[in-house]
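S.K.: Supplied in structure tokens, the structure appears directly below.
Derivation of every value follows stated rules applied to the coordinates shown; laboratory data play no part. The structure presented is a predicted model; accordingly, all values stated were derived computationally and were not measured. With ideal geometry, Cβ positions are generated from the backbone for all residues, glycine too; neighbour counts draw on all protein chains shown.
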Amino acid sequence: MVVLALSMLFLPLLSALVTLFFLRKKGNIASLLSVSTAGGILVLALVLIFNFEDDVMSWDATWFSMGGWELRFGFLIDGPARLLLFVVAFVGFLIHLFSLGYMEKDPARPRYFGGLSIFMFSMLGITLADNLIMIFVFWELVGFSSYLLIAHYFKTDEAAKASRKAFIANRVGDFGFLIGIVLTYWSFGTVNLIELADLADFSPNLTTTILCLALACGFIGKSAQFPLHVWLPDAMAGPTPVSALIHAATMVAAGIYLLLRIDFLFTEEALSLIALLGAVMGLYAGFCALVQKDIKKILAYSTLSQLGYMAAAFGLGAPGVALFHLTTHAFFKALMFLGSGSVIHSCHHEQDIFNYGGLRQRMPITALTFLIGVLAISGVNFLSGYFSKDAILLWAYNFNLPIFIILYSGAVLTSVYMFRLYFITFEGYSRSENAKHAKENSILMTGPLVILALLSIFGGYFSFYPNRLGSYLVADLSTVSSLPNHMWMVVLGTAAWIIGLVFARSFYWKVESTDPLAVRFPTFFEICKSKLFFDELYRFYINKIQDPAARFLEVMELLFISGLMVRGAAGMTALFSLLAKACYVGKIHAYAFWFLIGTLGFLIYSAGLFE
Amino acid sequence: MNFDTLLLLGSIIIPVIGSLMFFLGYPKNDDLLKKVGYLIFGFPFLAGVILFLKFESSDGYCFELLYDRMGLQELGITFHLGLNGVSSPLFAMAGIVGFGAGLAAIHSGNERLHLYLGLLAFMLSGLMGLFASVDLFFYYLFHEFALIPTFIMIGIWGGRDRRSIALEITIYLTLGALISLGGLVALNVLVDAPKFDFPHLSSALAEVAILDSTAQKVFGLLLFGFGILVALFPFHTWAARGYDAAPTSVSMLHAGVLKKFGLYGLIQIAVPLLPDAAFSWSPWLMWLALGNILLVGMVAVAQTSFKSMISYGSVMHMGYCFLGIGACSTLGIGSAVMLMCAHGLSVALMFLLASYTYKRTNTFEMSEMGGLGERTPLLACFCIAATLATIGLPGFGNFWGEFGIFLSLGESSNHLTFLIIAALGIILSAIFGLRAVSRIFFGEESKELSIEVEKSKLTDLTKTELLPASLILSALLLIGFWPQSISTRIDQEIDRRYSSLDGIMSQGRPACCPVDDVQSNENSNPTE
């Protein structure tokens, strides 16, 4: 097990190093190497998941020790780890395949595929890690690979800014995470997940609440939740497969995974806060998605909103349901991102949906699979999203009605903006030259789409999951099935997507180059478009507070420390030397004068006049 | 005298011989000069690495060499070399950075290259010597050896305002050295040790009881003396200005290695010998260290020149080392040593890369460099790696030092404020580090850069440039991925020397953790 896990973990790192050293100029070999690495990871992961009997596998070795503190490098492969491992390896492999087609003309392919490999390495690290510090290490490393890949088109200003923003926003989250880890260590004497779980009798007090909220800051940063959500939409500046893999299916979901791994630490108060944050994010991001024009930004806001659902599920005490939704979301969101990639690739990097239209005839496979994704996320009955999302809604309905109302409105909104996206992109007539000449892509790109579409259809049936994968979900999902109000929920859930569909059909079936919503409800449209001014707020902070403060401190340093203290000290010395120099004028009568004064002083002193 | 001690001695003597040769203007042939230069600067590097690998963590010093017939033995001064668990990684680090700086100097194409190389070799011998000295007199003497060439080199080869800066730095650092010397002498006089070296002082101190108030004063002298040399806030202004003006190799060696002298002194001498005084001074030290992190960090954000940003950044990260020392625990101090090693490497790498960038763009102004990444992908790659190393990304050595220091701050509830404020530094350094990267390498090519491109053919890193950069980077990565490689010996040495300290900490410390005491006692206190 150990050798297997270690080799799976370090395989992608090795591949990235080989690419860095030998394949910097050889795009074809580099991309093949990276894809076969991803294939290798998938095989090893499957062996790791299915070939061992133990439900919990763990192993560790000393990595670093100092002053009585020992950090261990270890793996904890239990239920949630196996499921996430499967998602990462499987979706990762498909996206690698897709990248082969999508990036075929990019001159910087070695850098791209090297970055993907580093990402796989760090993401596997998070999945397998058995203690918080190790998670933190890989946590920062996924942040780094995300930075690297967002900056892929670094010549554009947009990518340059977005990569920086993503890293710094994540760092803000990690700041809290770091403090949380330190507090955890000194409160419980360990950061090992198993040992922490064994110390189960936490007396829920203020300290534990602070501690778990500090740890949850890591989740807020990585999963782009309020108030650090601003980085994710900008991160769409990276290549589309990257958005699919990192910013939709896996890395941003790692935040939820972190919460699952430490769920026993959470107190009631902390849980309710997270549920509220998640639910509000679910709704807020839906409104933002409704008015976007960029296809990837719509999907990005949708990801934010779905992450909010997962957080809400976790906060309401259903981590299994959260993980279930994470899994199905990984399938259909990766599907839609890759679908958008397929469209973007065919339309020569046009991303404005109002310049698409009528693509269903030209790209039938992409259109069909995309539609499946849209249906799945909207919760159309018996597709994957229906099961996972309605499980969350049902749970909320039974345990927390206000949260349910927010989440339910979010669900209606989801289906509106998703059908809007589908209608504007694939129906109607083509509104630009690029769209008119779009062609369906090669099998390298459509193949992964089809596989993901199948998973989006069937991924919601729990019996579909072998026991090795689904073991963590069993408990929570069986609770869900025994909850009351089931039929009522089916009706409500069905109503949600039908309302959305009807609304979107009436608004967006045939659009011109302007958004119909902007014409009919301009105020509402503008409010949504402003995204409640978070970007402006942060920009104001940076430009008007942080940078001026930095410049102010620079001046102060120059003035007071360099100037007053250092130069002042030098100046005082110089002043004394000037005064002293005044005595040495080089004229004999001046010396005689000083001599006289000195003698007088001496005489007066010896006469005892001073006493 | 066996092979290992010969290596130790050679790493000090060979650079001196080399520097004398360079001063005399030999070798005249340019090609030969380069080859000899490789040898001279390569020897300490090889010696450092070999001795690092051969180091056996016994009790105390390895590879000892003692010569006590210098005529100064009456004063307790002997020529005594050796490496212990703390100095061995630092010695190796000095060798690596020295080699990098030497290579950069050999290929710098400076005017009066012989003199330049000679001074640099002289400086290097001092640096190697100071970490290899057991005797305090020579420890101090070697520091002065390394310091004097710094002044001369800034004065001759420096950038803008070099004269006044050389003067400022001279006065400032001499003052710092003088104060710390006062502390050292006071310590020696107080305990009246038979010999003026680390082991004898500590054994003598164990027998003599120093008055608390005296110990406080002596520690204060050492703290501020060494503090000035390490650029403790508010005595840091020399550093940024100095590195800014200094030629590359000098910045590398000074910021990377020489500045660690003060921290090394605090860790090896001041804190273990006067633990009570250290404990009572620690709040002072930590508040000032926060000044380094927060205020100097903010000043770094405001910089527009790449090199001064690196300078301020390096001053800022010294704050973490001080915090580790101020935490007064084996964890904190051990991690501070880790950070010293890693920081030495990373800051040297940054200065090296800054000079490479300058060579291509003829400016340090970041706004004039924009969009360099397309033309020089390798340089960009190294620069990003070095920046991420300095901002403490896991995978590079700096992370372990910083993380250990943060962890040590959590131990006492008194230090929680420091923890929270200090951790803000990870955001600050990300802000200025990534800003620099994106201003220099990302975005469209700037107008100034296009002009430079037309004037000269702008190329990526050459082989001779790659060598020192990749050497330093791989050392950083090694520590990052395998921290045990240096931490075991540091831990052992610190544990041995600081056993008294943890006692003081646990007595002087109020309720340990944020959680109620009962619980933390039950759950096996990790410090034990």
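S.K.: Which ones in the stretch A:342-397 are among the charged types (D, E, K, R) and either in a helix (DSSP H, G or I) or buried (at least 24 other Cβ atoms within 10 Å of the Cβ) (or both)?
M.R.: A:ARG360, A:ARG362, A:LYS389, A:ASP390
S.K.: So A:THR523 clears everything in (1) farther than 30 Å from A:ASN51 by Cβ; (2) of a type in the set (Val, Ile, Thr); (3) touching a residue at least 40 places away in the same chain (Cβ under 8 Å) except one condition, right? Which one?
M.R.: (3)
S.K.: All but one of (1) surrounded by fewer than 22 Cβ atoms within 10 Å (Cβ to Cβ); (2) of a type outside the set (Ser, Thr, Tyr); (3) in contact (Cβ under 8 Å) with a residue 40 or more places away in the chain; (4) away from every other protein chain (no Cβ under 14 Å) hold for A:LEU20; state the number of the condition that does not hold.
M.R.: Answer for A:LEU20: the failing condition is (4).
S.K.: Continuing with this model, one more query. Kindly indicate whether any position in the stretch B:450-463 is part of a helix (DSSP H, G or I), under 24 Å from A:LEU148 (Cα atoms) and within 11 Å of chain A (Cβ to nearest Cβ).
M.R.: Quick first cut of the stretch B:450-463, residues part of a helix (DSSP H, G or I) only: B:450-455, B:463.
After this cut, where a residue has to be under 24 Å from A:LEU148 (Cα atoms) as well, the list is none.
The answer is no; no qualifying residue exists.
S.K.: Do any helices (runs of 4 or more DSSP H) lying entirely in the stretch B:204-310 carry at least 1 residues that are among the β-branched types (Val, Ile, Thr) and under 17 Å from B:GLY344 (Cα atoms), and which ones are they?
M.R.: Working: elements: B:212-230, B:237-245, B:248-253, B:260-265, B:275-290, B:297-302.
Counting at least 1 such residues, we get B:212-230, B:248-253.
S.K.: Every residue in the stretch A:518-541 that is over 13 Å from A:CYS288 (Cα atoms) and surrounded by 16 or more Cβ atoms within 10 Å (Cβ to Cβ), please.
M.R.: Across the stretch A:518-541, the qualifying residue is only A:TYR538.
S.K.: Would you check which residues across the stretch B:397-449 are in contact with a Leu (Cβ under 6 Å, 6 or more places away or on another chain), more than 9 Å from chain A (Cβ to nearest Cβ) and of a type in the set (A, V, I, L, M) and list them?
M.R.: The answer is B:ILE405, B:ILE421, B:ALA422, B:ILE440.
Residue-by-condition table, conditions (1) touching a residue at least 60 places away in the same chain (Cβ under 8 Å); (2) of a type in the set (Gly, Ala, Ser):
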{"position": "B:THR5", "(1), (2)": "yes, no"}
{"position": "B:PRO15", "(1), (2)": "yes, no"}
{"position": "B:LEU51", "(1), (2)": "no, no"}
{"position": "B:THR78", "(1), (2)": "yes, no"}
{"position": "B:PRO89", "(1), (2)": "yes, no"}
{"position": "B:GLY98", "(1), (2)": "yes, yes"}
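S.K.: Given the conditions (1) under 30 Å from B:GLY76 (Cα atoms); (2) among the charged types (D, E, K, R); (3) within 14 Å of chain A (Cβ to nearest Cβ), which single one is not true for B:LYS195?
M.R.: (3)
S.K.: Among the residues of the stretch A:61-83, write down those that are buried (at least 18 other Cβ atoms within 10 Å of the Cβ) and either of a type in the set (Val, Ile, Thr) or in contact with a strand residue (DSSP E or B) (Cβ under 6 Å, 6 or more places away or on another chain) (or both).
M.R.: Selection gives A:TRP63, A:PHE64, A:LEU71, A:ARG72, A:PHE73, A:GLY74, A:PHE75, A:LEU76, A:ILE77.
S.K.: Can you name every residue in the stretch A:148-161 that is buried (at least 23 other Cβ atoms within 10 Å of the Cβ) and either aromatic (Phe, Trp, Tyr) or within 17 Å of the chain's Cα centre (by Cα) (or both)?
M.R.: First, the residues of the stretch A:148-161 that are buried (at least 23 other Cβ atoms within 10 Å of the Cβ): A:148-151, A:154, A:159-160.
A:LEU148, A:LEU149, A:ILE150, A:ALA151, A:PHE154, A:ALA159 - these are the residues of the stretch A:148-161 that are buried (at least 23 other Cβ atoms within 10 Å of the Cβ) and either aromatic (Phe, Trp, Tyr) or within 17 Å of the chain's Cα centre (by Cα) (or both).
S.K.: When you check A:ALA224 against the structure, is it within 13 Å of the chain's Cα centre (by Cα), of a type in the set (A, V, I, L, M, F, W, C) and more than 10 Å from chain B (Cβ to nearest Cβ), yes or no? Even if it seems obvious, please write down each step before you answer.
M.R.: On the way: within 13 Å of the chain's Cα centre (by Cα): yes; of a type in the set (A, V, I, L, M, F, W, C): yes; more than 10 Å from chain B (Cβ to nearest Cβ): yes.
Answer is yes for this residue.
S.K.: Hand me the list of helices (runs of 4 or more DSSP H) wholly inside the stretch A:516-588 holding 3 or more residues that are touching a helix residue (DSSP H, G or I) at 6+ places or on another chain (Cβ under 6 Å) and closer than 30 Å to A:PHE503 by Cα.
M.R.: Ranges flagged: A:516-520.
S.K.: Here's a follow-up. Quick check on the stretch A:195-217. Is at least one of its residues in contact (Cβ under 8 Å) with a residue 40 or more places away in the chain, within 16 Å of A:ASP130 (Cα to Cα), in a helix (DSSP H, G or I) and more than 11 Å from chain B (Cβ to nearest Cβ)?
M.R.: yes
S.K.: Let me ask another. Check the stretch A:84-93 and report whether any residue there is more than 14 Å from chain B (Cβ to nearest Cβ), surrounded by 15 or more Cβ atoms within 10 Å (Cβ to Cβ) and over 24 Å from the mean Cα position of the chain (by Cα).
M.R.: Taking the stretch A:84-93 and keeping what is more than 14 Å from chain B (Cβ to nearest Cβ), we get A:84-93.
From what is left, the residues that are surrounded by 15 or more Cβ atoms within 10 Å (Cβ to Cβ) are A:84-93.
Checking which are over 24 Å from the mean Cα position of the chain (by Cα) leaves us with none.
No, there is no match, as no residue in the stretch A:84-93 is more than 14 Å from chain B (Cβ to nearest Cβ), surrounded by 15 or more Cβ atoms within 10 Å (Cβ to Cβ) and over 24 Å from the mean Cα position of the chain (by Cα).
S.K.: Which of (1) more than 14 Å from B:ALA277 (Cβ to Cβ); (2) buried (at least 24 other Cβ atoms within 10 Å of the Cβ) is the odd one out, the single condition B:LEU222 does not satisfy?
M.R.: (1)
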